[in-house]
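Heads up: the structure comes next, in structure tokens.
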Amino acid sequence: MARIKQKTRRGRNANAVRARRTNNGLPNWLQAYVDLQVETLKASFVRLRRTPLASIMTVLVIAIALTIPASFHVFIKNVRQASSTLEATNQISLFLKPELTNETGAKVAETLKKHPQIAMAELITKEAGLQDLKSYSGFGDALQALDFNPLPAVVSIKPKDSLTRPDDVEQLLAELRRLPETDFVQLDTEWMHKLHAILTIAQRSVLVFSILLSLGVLFIVGNTIRLELQNRREEIVVAKLIGATDRFIRRPFLYAGFWYGFLGGTLAWLLVSFFLLFLRGPSRHLAELYGSPYTLSFLSLSETELLIGASVLLGIIGAWIVVAYHLRELDPT
Amino acid sequence: MLQFINVSKRYSDSGEILSNICFHLEKGEMAFLTGHSGAGKSTLLKLIPLIERPNRGQILFDGRPINAVSKRQVPYLRRKLGLIFQDYRLLHDRTVFDNVALPLLVAGYSQQETARRVRAALDKVGLLRKEKRYPLALSGGEQQRVGIARAIVHKPSLILADEPTGNLDPGLSAEIMDLFKEFNQVGVTLLIASHDLDLISRFGCRTLKLQQGQLVADG
């Protein structure tokens, strides 16, 4: 029977040779192949539009399933980027013993300014500290009720930019701790490390969500395609009877999967963008509070490609699995 | 062209449907397959496009044994056949043109070639003017003509028709049979299953008679 196939192929090639080339200069058989692909792509889209409600629901569910991990991812990315712009301001706060006066504090600050590894040392007096706390913490009224100032004076120290190695930083901290005026020393980047640890955990969760929701997308597309297969039962049986290969029968369904994935992915991209637009105002306000020029970053081109690409791939794979599984049941009898 | 050698077909639930069928259909021949319903006509026709496979015996098509055709090769075998059904089996959501074009679409013909051949086939069955209609807007006789156009559009070497006039009144049936006769006169090979003996007798063609799965008359 291989001979029958060969003969068919030979017959088609002969047709191609006999017939003139087409307008695009493509050989006839290739033109026929391209025609078929384009026709199927168009036809499968037309089919989607024939049942608008069902199609929209499928696309919407895919979009929502992808929007959740994608927006979570963008959120984490932004927190990470925003915090790294703050990281440059590597600050040490030296809290003086509470009994010491502002004058002693000023002297300490003067001495520290001359330290070879310190770029700047500035005294924040007890009063200035309380003022800051009142204006930023939101506890203004409660603090008003205090009849004494519980805050110590603080020397805010900015190390030289050359001081980057953790060991050197640690050494400077140890030196500061040994000063007799020191109550305790705090490296303000410590919270950053904690934040990063939390973000790493969050990022892993995004990965897990992504995998679970991708499986969800696979099932949604699969189920939609399964219904479509049932609706087109008669057509498939007839196509098989007149010599359609499984590949031919599978093709429109794979294209339908493509469309669901593509539309769902694109809609997810839009939803993520709307989500970010919604956050833009408050995040700008937050950046201003930190004196940071940071602006919210959207999905990058490669992330967009990944989102839509993954969605398309899930659509096609979902369709493939279902068609491969059900095609055997549709043999003519 | 088509040769059955001791072919038997048995279903586990209904026993032997065909037993030891032997016949040889020559190229360019037109033959009728008759018998009561349940005699095995449909089953016999289903063995040729491998809708069913025989339990025993050999079927040769174009000199080659079709038992050896693998599942993947079945579509290529079916493209050499033209199948006509009692219930037409048209796709109601496609126009007459698209229905007839289906075998060419499946085989990968270009659009130009397809349009040319579809119009030629519709012309032969006298439905050229109705190519844009949908099947349900046509009469039964016209629907069967669409089915016939679909079966000849890819110029198959053998046409198999299973009760093609089963749903039609005598006048329309005769028209359909005349159409088959015309095809036969230009060299098409046909095997037509029908229980309408009055109609068959008018043509004086070779008749294979099945009775309870046995070939009881040939001539």
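Most fluctuating residue of A:LEU96, A:LEU267, A:LEU26 in a GNM of chain A with Cα springs under 10 Å: which is it?
A:LEU26
Report the local net charge at A:PRO152: Lys and Arg +1, Asp and Glu -1, summed over other residues whose C-beta lies under 11 Å from its C-beta. Before the final figure, lay out the partial values.
Working: positive: A:LYS97, A:LYS126; negative: A:GLU99, A:GLU181, A:ASP183.
Here the charged neighbours net out to -1.
Net charge near B:LYS9: determine it from the other residues with C-beta under 15 Å of the C-beta of B:LYS9, scoring Lys and Arg +1 and Asp and Glu -1. The partial results should precede the final answer.
On the way: positive: B:ARG10, B:LYS41, B:LYS46, B:ARG53, B:ARG56; negative: B:ASP13, B:GLU16, B:GLU52.
Net of charged neighbours comes to +2.
Taking each residue of A:239-252 in turn, how many C-beta atoms of other protein chains fall within 10 Å of its C-beta, and what is the average? Don't jump to the answer; show the numbers that get you there.
Numbers: counts 6, 6, 10, 19, 16, 8, 10, 4, 2, 5, 2, 0, 0, 0.
Whole-number average of other-chain Cβ neighbours for A:239-252 is 6.
Given R₀ = 25 Å, what would the calculated FRET efficiency be for A:LEU60 paired with A:LEU306, taking r from the Cβ atoms and rounding to 0.05?
Details: r = 21 Å, r/R0 = 0.83.
It comes to 0.75.
As a test of the formula, what do you get for chain A when each DSSP H run with n ≥ 4 contributes -39,500 (n - 2.57) and the sum is divided by the residue count, at 222 nm and rounded to the nearest 500 deg cm²/dmol? Kindly include the intermediate steps, with their values, before the conclusion.
Details: 11 runs with 239 residues, N = 333.
My calculation for chain A gives -25000 deg cm²/dmol from helical runs alone.
Taking 45 Å as R0, compute the FRET efficiency from the Cβ-Cβ separation of A:LEU215 and B:LYS155 and round it to 0.05.
Values: r = 48 Å, r/R0 = 1.08.
Calculated value: 0.40.
Bin width 5 Å, alpha-carbon pairs only: give the P(r) of segment A:90-187 as whole percents, running from 0 to the bin holding the largest distance.
For segment A:90-187, the binned pair fractions read 2, 13, 23, 22, 16, 12, 8, 3, 1 percent.
Whole angstrom only: what separates the Cα centroid of segment B:143-193 from the Cα centroid of segment A:154-205?
91 Å
What share of the DSSP beta bridges in the protein assembly as shown is antiparallel, in percent to the nearest 5?
Values: 33 of 50 bridges.
Of all bridge pairs located within the protein assembly as shown, approximately 65 percent are antiparallel.
So, R0 is 60 Å and r is the distance between the beta-carbons of B:ASP87 and A:LYS194; what FRET efficiency does that work out to, to 0.05? Can you show the working numbers first?
Working: r = 74 Å, r/R0 = 1.23.
Computed FRET efficiency for B:ASP87 and A:LYS194: 0.20.
Could you give the angle, 0 to 90 degrees to the nearest 10, between helix B:140-152's Cα long axis and the longest principal axis of the Cα atoms of chain B?
Roughly 80 degrees between the two axes.
Excluding same-chain residues fewer than 8 positions from B:LYS132, which lysines have a Cα within less than 17 Å of its Cα?
Candidates past the 8-residue exclusion: B:LYS124.
Which entries of B:LYS46/B:LYS80; A:LYS114/A:LYS160; A:LYS240/B:LYS46; A:LYS240/B:LYS181; A:LYS97/A:LYS126; B:LYS46/B:LYS209 show an alpha-carbon separation above 22 angstrom in the structure shown?
Details: B:LYS46/B:LYS80 14 Å; A:LYS114/A:LYS160 12 Å; A:LYS240/B:LYS46 13 Å; A:LYS240/B:LYS181 27 Å; A:LYS97/A:LYS126 11 Å; B:LYS46/B:LYS209 17 Å.
Violating the 22 Å Cα-Cα cut-off are A:LYS240/B:LYS181.
From other protein chains only, count the Cβ atoms within 10 Å of every residue's Cβ in B:68-76, then give the mean. Don't skip to the answer; put the middle values down first.
Numbers: counts 2, 4, 2, 3, 5, 6, 6, 13, 11.
The mean count of partner-chain Cβ atoms within 10 Å per residue comes to 6.
Which residue, A:GLY309, A:GLY264, A:GLY25, tops the fluctuation ranking in a GNM of chain A built on C-alpha contacts under 10 Å?
Comparing A:GLY309, A:GLY264, A:GLY25 in the GNM, the peak value goes to A:GLY25.
Please report the projected area of segment B:1-154's Cα convex hull averaged over all directions, in nm².
Result: a mean projected hull area of 10.5 nm².
In degrees, nearest 10, range 0 to 90: what is the angle between the Cα axis of helix A:28-50 and the longest Cα principal axis of chain A?
Helix A:28-50 sits at roughly 70 degrees to that axis.
Under 12 Å Cα to Cα from B:LYS71, which aspartates and glutamates show up? Leave out anything in the same chain fewer than 8 places away.
A:ASP246, A:ASP331, B:GLU52
What residue among B:LYS71, B:LYS46, B:LYS130 shows peak mean-square fluctuation when chain B is described by a Gaussian network model with Cα springs under 10 Å?
Per the Cα network of chain B with a 10 Å cutoff, B:LYS71 tops the list.
Treating the angle as unsigned and between 0 and 90°, give the value, to the nearest 10°, between the Cα long axis of helix B:96-107 and the longest Cα principal axis of chain B.
60 degrees
Fewest to most neighbouring Cβ within 10 Å: what's the order for B:THR165, A:THR200, A:THR67, A:THR182?
On the way: B:THR165 24, A:THR200 12, A:THR67 21, A:THR182 17.
Lowest to highest Cβ neighbour count: A:THR200, A:THR182, A:THR67, B:THR165.
For chain A, count all C-alpha to C-alpha pairs, find those more than 28 Å apart, and express that count as a whole percent of the total.
Values: 35471 of 55278 pairs.
In whole percent, the long-distance tail amounts to 64.
In deg cm²/dmol, rounded to 500, what helix-only [θ] at 222 nm does chain B give when every DSSP H run of at least 4 residues adds -39500 (n - 2.57) and the total is split over its residues? Please report the intermediate quantities before stating the final value.
Values: 7 runs with 72 residues, N = 219.
Value at 222 nm, helices only: -9500 deg cm²/dmol.
Straight-line reach from B:LYS130: which lysines fall under 22 Å, measuring Cα to Cα and dropping same-chain residues less than 8 apart?
B:LYS155
No value in this document is a laboratory result; all are computed from the given coordinates. None of these values were measured; they are calculated from a predicted model. Positions of Cβ are generated from backbone atoms using ideal geometry, with glycine treated the same way; all protein chains shown enter the neighbour counts.
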